[in-house]
1. Are there helices (runs of 4 or more DSSP H) fully within the stretch 142-222 with at least 2 residues that are under 15 Å from the mean Cα position of the chain (by Cα)? List them.
2. Would a scan of the stretch 194-203 turn up a residue that is hydrophobic (A, V, I, L, M, F, W, C), without any contact (Cβ under 8 Å) to a residue 12 or more places away in the chain and out of contact with any Pro (no Cβ under 6 Å at 6 or more places or on another chain)?
3. Considering only residues that are of a type outside the set (A, V, I, L, M), at pLDDT 95 or above and within 16 Å of the chain's Cα centre (by Cα), look in the stretch 245-283 and name the one that is farthest from residue 187 (Cα to Cα).
4. Evaluate the stretch 233-247: report whether one residue or more is of a type in the set (S, T, N, Q), surrounded by fewer than 23 Cβ atoms within 10 Å (Cβ to Cβ), under 19 Å from residue 177 (Cβ atoms) and free of Cβ contacts under 8 Å to residues at least 40 places away in the same chain.
5. Only residues in the stretch 206-220 that are free of Cβ contacts under 8 Å to residues at least 60 places away in the same chain and on the phi > 0 side of the Ramachandran plot count as the first member; pair them with residues that are in a loop (DSSP other than H, G, I, E, B) and surrounded by fewer than 24 Cβ atoms within 10 Å (Cβ to Cβ), Cβ under 8 angstrom, at least 6 apart or cross-chain, and list the lot.
6. Of everything in the stretch 109-141, what is in a helix (DSSP H, G or I) and either of a type in the set (A, V, I, L, M) or in contact with a strand residue (DSSP E or B) (Cβ under 8 Å, 6 or more places away or on another chain) (or both)? Give them in sequence order.
Amino acid sequence: MALPGFSRRSFLAMSALLPWAFRGTASGSIPVGLELYSVREALKQDPQGTVRAVAGMGYEGVEFYAPYFEWTEAQARQMRKLMDDLGIRCYSTHNDEDYLSTKNIERARDLNLVLGSKYVVQAWSDPKPSLDGWKMLADNLNAAAEKLEPAGLKVGYHNHQAEWAATAGQRPIEILAKNTKSSVMLQLDVGTCLEAGSDPVAWIKANPGRIRSIHCKDWSSDPEKGYKVLFGEGVADWKAIFQAAESVGGLEYCLVEQEGSRFPELETARRCLQAFRAKRAER
C-alpha cells in the first residue's frame, strides 16, 4: 500500500538516508522540538505557516501527530522541503494504533520516509482489561518494528496514564518494556507519568537505553491547573529527569508538549521553549 507515485527508486533513496544521527546545536547538546499537538488549532488553519513560526521561535524539530497521515505524498514533500529550508527536522510522528496495522503500515512507512523521521511512535492505546491485552500490544509493536526496520525506521510507544495503573498486580508499562524489542523506543510522557503518581527518574533508570525521547510536559497537583501550567511551573524535577535521561536513558531528543495554558497556543510554545532553555542552562 505504498503512496501513489512513490517509486521503488524513491523508496530506496529515502531509505539510504536512514538511520541518521540527531544533531543538536553547535555545542552538541540534545536538540529540542515541539510536539505539534501543542499548536493544533494553528496547524489546522495553516500547517506551513505554523511550522515556520515554530522554527522561528528556535525549535530544532517537530513531531507531527495523527492528521499527517491524511496528507498526500505531494503535501508531505512540500512540508519536507519547508523543513529543509528552515533547517529543522521531523524527529518522529505520533500515530493512531491503526496506523501500524498491516493495512496501513506501508503508508506510514512511506510518509515518514518523505518527512525524514526516525521514529514512528504509537501515540496511545485503549486501556486493556487484562495483561494478555497488553502483551498482545507488545507483540504488535514488535511486528511493526520488523516491518519498518528494513527502511531504517524505528517504532516507539508513548505512554499515557493507563500504562501506570496496575493490572493484576503489574503495571502495563512494565509489560510493554519487558515484551518489546530493545529497538522499540519507550517515549516518556513526563506529565502523565507524574499525574499517575509514578516516578519518571526511577522509570528511566529501570530502562537504560530505551528512553530515547521524552515529552517535556509539566504537571500541577492543583486540579484547576493540571497540564495547563507551562514547562517548569509544575512539580517535575527537570534537572533530575534530564540527568537520568542523558546518562542512562539514551536520550536523543526532547519534545515540548503543551495541552493548553493561560496563553494562546503559539505564545505558549514560545514561553515553554524559553523556560526549557533556562532549565537546561542550570545543569
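1. Counting at least 2 such residues, we get 190-195.
2. The first filter runs over the stretch 194-203 and keeps only residues hydrophobic (A, V, I, L, M, F, W, C), leaving 194, 196, 201-203.
Filter once more, keeping what is without any contact (Cβ under 8 Å) to a residue 12 or more places away in the chain: 202.
After this cut, where a residue has to be out of contact with any Pro (no Cβ under 6 Å at 6 or more places or on another chain) as well, the list is 202.
Checked the stretch 194-203: at least one residue is hydrophobic (A, V, I, L, M, F, W, C), without any contact (Cβ under 8 Å) to a residue 12 or more places away in the chain and out of contact with any Pro (no Cβ under 6 Å at 6 or more places or on another chain).
3. 258
4. Initially, the stretch 233-247 is screened for residues of a type in the set (S, T, N, Q), giving 243, 247.
Add one more test, that the residue is surrounded by fewer than 23 Cβ atoms within 10 Å (Cβ to Cβ), and what stays is 243, 247.
Now restrict to residues that are under 19 Å from residue 177 (Cβ atoms): 247.
Checking which are free of Cβ contacts under 8 Å to residues at least 40 places away in the same chain leaves us with 247.
Yes, some residue in the stretch 233-247 is of a type in the set (S, T, N, Q), surrounded by fewer than 23 Cβ atoms within 10 Å (Cβ to Cβ), under 19 Å from residue 177 (Cβ atoms) and free of Cβ contacts under 8 Å to residues at least 40 places away in the same chain.
5. 209/182; 209/250
6. Pass one, the stretch 109-141, residues in a helix (DSSP H, G or I): 109-115, 131-141.
Those that are in a helix (DSSP H, G or I) and either of a type in the set (A, V, I, L, M) or in contact with a strand residue (DSSP E or B) (Cβ under 8 Å, 6 or more places away or on another chain) (or both): 109, 111, 112, 113, 114, 115, 131, 134, 136, 137, 138, 141.
The values are calculated or read from the model by the stated rules, or taken from the named source; none is laboratory data. None of these values were measured; they are calculated from a predicted model. Quick reminder, even Gly has a Cβ in these numbers, built from the backbone with ideal geometry, and neighbours come from all protein chains shown.
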